[in-house]
Every structure is written in C-alpha cells, then in structure tokens.
C-alpha cells in the first residue's frame, strides 16, 4: 500500500474512535436529562407527601439520583475534555 492510503486508513480508524466517543457523550447527556427529570418529579412528590415513611423513601431515592447525576456529570466532563484534546 502507498503511504497516502495507509495514512487515510489510519485517519478512518482514529475518526471511528472519535465518533464512538461522541456517541457516548450524546448518550450521557440524554441519560443525565432523564435523571434530572426524575429528580424533579421525586422532589415534587416529596413536597406533597405527608407520610413520614414514604417521605424518607423518596428522599433516599433523591439522594441516589443526585449522586449518580454528579458522577455522570464528572464523567461527561472528562469525555468532553478528552474530545477537545484530540
């Protein structure tokens, strides 16, 4: 193979990695949006709930969702940072 053809193939492989990473970023953004919507819904339920046991259960779920969103945002920042460096 000629050098140009080899270089072109290498670029194709590298761009495939970037496409995969972009797809991961898009999926992460979508998941974070869904988690945020779920968090807001649970927050509204918590405000209207009067039973203390149910309030505690909702609060536990909110804490879990909040932690997962925070982790997701951190991972998303790392993915975007890696995308910019390339």
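Laboratory data are not the source of any read-out in this text; all were calculated from the coordinates shown. All values derive from a computational prediction rather than experimental measurement.
Points to keep in mind about this one:
- Residue-averaged [θ]222 nm for the chain, counting only DSSP H segments that reach four residues, each worth -39500 (n - 2.57): -34500 deg cm²/dmol
- One chain, two ends: residue 18 and residue 64. Fully extended at 0.36 nm per residue, the span grows by 13.4 nm beyond their Cα-Cα distance.
- Square roots of five times the Cα gyration tensor eigenvalues for the stretch 3-85, Å: 43, 10, 7
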